[in-house]
Amino acid sequence: MKMMSRCRLQRPLCSVYLAAHSRARLRFRYASKYLDCRHTSNSSSTDNSHVKDNIYTIPNALSLSRIILSPVVAYSIINGQHTTALALFGIAGFTDFLDGQIARRFPSQRSLLGSIIDPIGDKLLMGMSTISVWYTGLMPSWLLCIILGRDIILLTGGLAVKYQSLEKFTLKGLFNVTDGTIEVKPGWHGKLNMCLQLGAVIACLSAPIWSLQDSPYFHNYLILTGVMGVYSLVQYILTYRNVMGKVRSKPAWMDESKKT
């Protein structure tokens, strides 16, 4: 069994919490004072040993309902049913909060499937809702580019870091949710940015209902959301640079292949 190696960076770090749209989620947990980079072999990965492959759980049902509601919300927005879309978006958002609370308080309700479909449901709901409000002219194009561009860059950066940290390259290993190879804990800007993005979608849906399109508060809020999105993205990029400087320059599996 290989020994676990750690590298710590003594500086405040941002949050990285990425959801892959295929089989798995790249999970980057959060640290307020240092970055803890861990490289472990598959045999030593026991962090998620408590997670059971029980698909019949309440959080899984709530996550599945969020996935189902996402296209319904988008359809309602595109067809001008803003009140219905706003209500459904609120219900879907509440299921996200509820399934997280249940999974944290009741270990028997945790599952590997839940760790996969929960972030997928989040991304589908936010992605489809954001694109729909932009398509109907309720959200400016520049804000859509910031929100989607940020997610794409985060996902790409997360995959790059995971690729560098692999002991042996396989697609399964690259998207393995049970291998917490790199862990980074969240800063305030990541949480604030997510709240502002949720609020931006709600504000855009509320604008035609209460005639807020010409309100300076509405436009200032969208500007604040965009500025915060750019700021958090810059923090993530700086964190990726630090992480990539701490992990090996070449993946271990590539070095081993040359020896053989």
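Quick notes on this one:
- Restricted to the stretch 61-175, the set of helices (runs of 4 or more DSSP H) holding at least 1 residues that are crowded, with 21+ Cβ neighbours inside 10 Å and in contact with a Leu (Cβ under 7 Å, 6 or more places away or on another chain) comprises 82-105, 112-135, 141-165.
- Scanning the stretch 187-228 for residues that are closer than 15 Å to LEU154 by Cβ and either more than 19 Å from the chain's Cα centre (by Cα) or modelled with pLDDT under 95 (or both) yields GLY187, HIS189, GLY190, LYS191, ASN193, MET194.
- GLY180 being modelled with pLDDT under 65 and not in a helix (DSSP H, G or I): yes
- For THR170: the one exception among (1) modelled with pLDDT under 70; (2) hydroxyl-bearing (Ser, Thr, Tyr); (3) under 17 Å from the mean Cα position of the chain (by Cα): (3)
- Complete set of residues in the stretch 216-233 that are over 18 Å from GLY149 (Cβ atoms) and open to solvent by 60 Å² or more (accessible area, probe 1.4 Å): PRO216, TYR217, HIS219, ASN220, TYR221
The values are calculated or read from the model by the stated rules, or taken from the named source; none is laboratory data. Remember, predicted model here, so these are calculated numbers, not experimental data. Glycine gets a Cβ as well: all are built from the backbone with ideal geometry, and neighbour counts include every protein chain shown. SASA here: full protein model, heavy atoms, side chains in, ligands and nucleic acids out. Shrake-Rupley method; radii C 1.70, N 1.55, O 1.52, S 1.80 Å.
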